[in-house]
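Working notes for the structure below.
Values quoted throughout were computed directly from the atomic coordinates according to the rules given, and no laboratory measurement underlies them. Just so it is clear, the model here is predicted, and its values are computed rather than measured. FYI the Cβ positions are ideal-geometry reconstructions off the backbone, even for glycines, and counts take in every protein chain you see.
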Amino acid sequence: MGIALMVSGAAVLVPPALGQGSAPPPALPPDAGPGFARPGGAPDAPTRVARSISFRDAWVTALARNPTGTTAVQEIRRVSGLMEEVRAASLPTLGVTATYVRLDKDRTFTADPDAGSIVVQGKDSINVTGTLAIPIIAPQSWANWKRAGDLIETSRLNQRDLQRQVAVNVARAYITVFAQKRQVDVNRQARDNSKAHLDYAAQRLRGGIGNKVDWARAGQDLEANESLLQASFANLYRAQEALGILLGVDEPVDTQDIPVLPGMPSVDEALSETPTRTDLILANWEENRTDRSLNLSWTEYLPNVTLYGQPIFQSPASLTQPKTSWQIQAVLTWVLYDGGARYGRTHQREAQLEQAKIALAATIRQANSEVRTSLENFERNSSALQSARNSANLANEAMRLADISYHAGATTNLELIDAQRRARDAETLAVIGEDNTLQSALDVLSASGRFPPNLREENAQRSK
């Protein structure tokens with residue numbers, strides 16, 4: 001069963017649609033007679049937002065456009081480049097060296113004066129040597145290649161964890177915008193109720209049956225509610241801008257629908273599903289990666305064997321170097337003692353493995369704690385929401401009765417103003433309760449690894 005934000009249905013406080021209605025006339029100053037109104041007026045609608053998005057499309061879009069996620073993609077490319085650089089030490093290399101030499105004159109040798117001089121080295125000479133190096137035995141390079149490949153997987157898992165965080169943040173921002181729109185409705189209805197009360201008090205005062213005390217109190221209440229309404233407009237726009245930033249667009253974004261979350265798990269189900277969380281998969285991978293890196297330390301004590309092949313072109317040929325030739329070399333390199341550097345690297349890897357184990361255990365404890373805490377908060381917030389809705393219904397009924405009594409002349413407007421404020425505050429608490437309940441439900445789904453749902457299945461495969 002999905003969790004949906006339910007809107008309180010009190011008939012007295014059903015608000016008009018956002019952006020409709022006219023701005024209320026300002027309150028009358030205390031020293032003015034009935035019918036006075038100051039010019040101008042406050043905006044009666046939130047700032048118009050051209051773009052809106054559904055709840056599901058919001059976090060799906062954010063995964064593709066959010067700067068945090070796109071930066072993580074480039075980090076994968078950067079680590080892949082490093083892996084290619086490390087891998088090169090294990091693969092053959094081919095190069096060419098060309099040398100041109102010009103001497104002041106030919107170098108000659110006279111063995112027989114009758115035969116003349118023999119040119120040993122010409123005044124101009126060219127030497128071209130190609131070199132092909134093939135690592136035959138390179139255990140250290142192979143080990144570094146494996147470590148670099150593991151780092152690529154680390155970057156990929158880190159990207160998925162960042163995607164989860166982005167999706168959760170976007171969902172929170174979406175719920176916040178929706179709650180702010182509900183708060184605008186509540187404050188608008190409270191303002192409209194105060195305006196109606198002020199109009200009635202002014203009408204009574206003009207008819208000679210009212211008094212300025214009632215009229216001034218009604219005006220003060222209207223201005224207070226107008227101030228709250230304008231503040232809620234500002235808060236709504238701020239939340240829409242925050243949602244737009246998370247979506248990676250340069251404009252505010254509004255909500256389209258009521259946010260609906262997947263079904264809630266039980267405590268046992270949530271605890272059993274936590275291994276599918278991206279942060280736990282990443283922490284478990286880090287432990288395995290550091291363990292493999294440590295187990296490859298023995299490769300640093302083995303020799304390296306490299307095969308070199310060199311075709312040579314020499315012009316002009318000399319006594320010791322023909323015009324074309326080639327040579328092959330097999331070079332063995334074995335470091336018997338390096339001052340303890342290999343031992344130091346091994347100790348470093350041992351410490352990294354212990355750190356990874358500690359981090360994994362801490363992440364597991366944190367995940368389990370988040371599951372228990374979020375479920376407890378969800379149950380408490382759900383109960384508090386029901387009480388807040390009941391309170392709002394009762395406050396609306398009390399306001400209705402106070403309005404009847406005031407119009408009948410049985411009470412002063414003090415009781416009506418107090419009832420209106422209580423109704424407004426009760427509706428505000430209901431909106432806060434709705435927001436808290438949805439946010440805590442999102443916490444449960446995030447803690448158990450169920451949100452975002454498109455990552456859940458793949459994470460479940462990786463965690464096995």
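Some notes on this structure:
- For LYS323, the aspartates and glutamates whose Cα comes closer than 15 Å to its Cα, not counting residues fewer than 8 places off in the same chain, are ASP124.
- Each residue in ASP418, ASP268 was given a count of other beta-carbon atoms within 10 angstrom of its own, and listing them fewest first yields ASP268, ASP418.
- THR99/ILE137 FRET efficiency (R0 35 Å; Cβ-Cβ; nearest 0.05): 0.65
- Averaging Cα coordinates gives a centre for region 231-280 and one for region 294-344; these two points are 59 Å apart.
- Between the C-alpha center of region 51-77 and that of region 85-157 there is a gap of 49 Å.
- Scoring 321-332, 73-84, 199-210 by mean Cβ neighbours within 10 Å over their residues and listing the highest first yields 199-210, 73-84, 321-332.
- Shape descriptor for region 362-409: Rg over Rh equals 1.49 (Cα atoms; Rh from the Kirkwood inverse mean 1/r).
- Dipole orientation for region 277-421: of the candidates SER383, THR324, TRP285, THR324 has the Cα lying most toward the positive pole (charges on Cβ; Lys, Arg +1; Asp, Glu -1).
- Cβ-to-Cβ counts within 10 Å put ASP250, ASP443 in ascending order as ASP250, ASP443, the fewest first.
- Theoretical FRET efficiency, 1/(1+(r/R0)^6), r = Cβ-Cβ of TYR343 and GLN230, R0 45 Å, to 0.05: 0.05
- VAL73 versus ALA351: modelled label distance in nm, points set 7 Å from Cα along the beta carbon direction: 3.8 nm
- Dipole check for region 157-316: with +1 at the C-beta of Lys and Arg, -1 at the C-beta of Asp and Glu, and the Cα centre as origin, the magnitude is about 720 Debye.
- Kirkwood hydrodynamic radius over Cα pairs of the chain, then Stokes diffusion coefficient at 37 °C and 0.692 mPa s, in µm²/s: 111 µm²/s
- Dipole of region 103-214 computed with +1 at Lys/Arg Cβ and -1 at Asp/Glu Cβ about the Cα centre; of ASN158, TRP142, ILE175, farthest Cα towards the positive end is ILE175.
- Spin-label model, THR299 to GLN321: label points 7 Å out along the Cα-to-beta-carbon direction sit 3.8 nm apart.
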